[in-house]
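Below: the structure, in structure tokens.
The values are calculated or read from the model by the stated rules, or taken from the named source; none is laboratory data. Since the model is a prediction, treat every value here as computed from it, not as a measurement. Virtual Cβ from ideal backbone geometry, glycine too; neighbours counted across all protein chains shown.
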Amino acid sequence: MKAPALYWHFKDKQALLDEMATEMMRRMAEDFPAAPAADWREVVTGAMRALRGHLLRYRDGAKVFSGTHYTDLSYAAPLEAFLRTLVEAGFTPGAAARAWFTVYSYTIGYVIEEQAPGPERGEGGYDLAARAERLAAYPLAAAAGEEMFTGHDRGFEAGLAAVVAGVGATLVTAGE
């Protein structure tokens, strides 16, 4: 399909991206559990794992998803269920929204970086040996490349655990 045909259906690029993100959300919403787990940490962690998995199915999925506005309400029922789980766990409605947006933002940002060209993808991304050589005078920064640019599954899980623990330590107000 060529740009003129697309713009017959969408007023601009942002409208096209909004519809693409909405379609991605529709597909994700089909996979959300009908009754989330009882523990809010399991709910949030499971939802972010699912979000990451879905975003990774699409080329630049996180970039497409980021900063868009849904064109329908396909996101509303799953979001309501997740927020309700947080409120029932002792979060205020505002803290529940902040908690959700915090873990969501972590996930989107992580996947944007994960989908960037890198050594595993063979797209002219980071050559870790060359990077380490350039950073020889900065041994910690040189060694950090291995952690930052490889082992994405492990890195995502470690970061997600840290974010969820931080949310629990700072935003939940009662009923642990």
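Do we have residue 138 as surrounded by 15 or more Cβ atoms within 10 Å (Cβ to Cβ) and on the phi < 0 side of the Ramachandran plot here? Walk me through it before giving the result.
Working: surrounded by 15 or more Cβ atoms within 10 Å (Cβ to Cβ): no; on the phi < 0 side of the Ramachandran plot: yes.
So residue 138 fails the test.
For (1) among the hydrophobic types (A, V, I, L, M, F, W, C); (2) farther than 20 Å from residue 83 by Cα; (3) at pLDDT 80 or above; (4) in contact with a Leu (Cβ under 9 Å, 6 or more places away or on another chain), each residue gets a yes or a no:
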position	(1), (2), (3), (4)
20	yes, yes, no, no
29	yes, no, no, no
34	yes, no, no, no
41	no, no, yes, no
44	yes, no, yes, yes
49	no, no, yes, yes
52	no, no, yes, yes
60	no, yes, yes, no
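For region 61-89, name all the residues that are surrounded by 16 or more Cβ atoms within 10 Å (Cβ to Cβ) and out of contact with any helix residue (DSSP H, G or I) (no Cβ under 7 Å at 6 or more places or on another chain).
Within region 61-89, 79, 81 qualify.
Counting only residues that are within 15 Å of the chain's Cα centre (by Cα), free of Cβ contacts under 8 Å to residues at least 24 places away in the same chain and in a helix (DSSP H, G or I), how many does region 52-78 have?
Qualifying residue count, region 52-78: 1.
Can you name the helices (runs of 4 or more DSSP H) wholly within region 82-163 that have at least 1 residues being under 18 Å from the mean Cα position of the chain (by Cα) and hydroxyl-bearing (Ser, Thr, Tyr)?
The helices (runs of 4 or more DSSP H) meeting that bar are 93-115.
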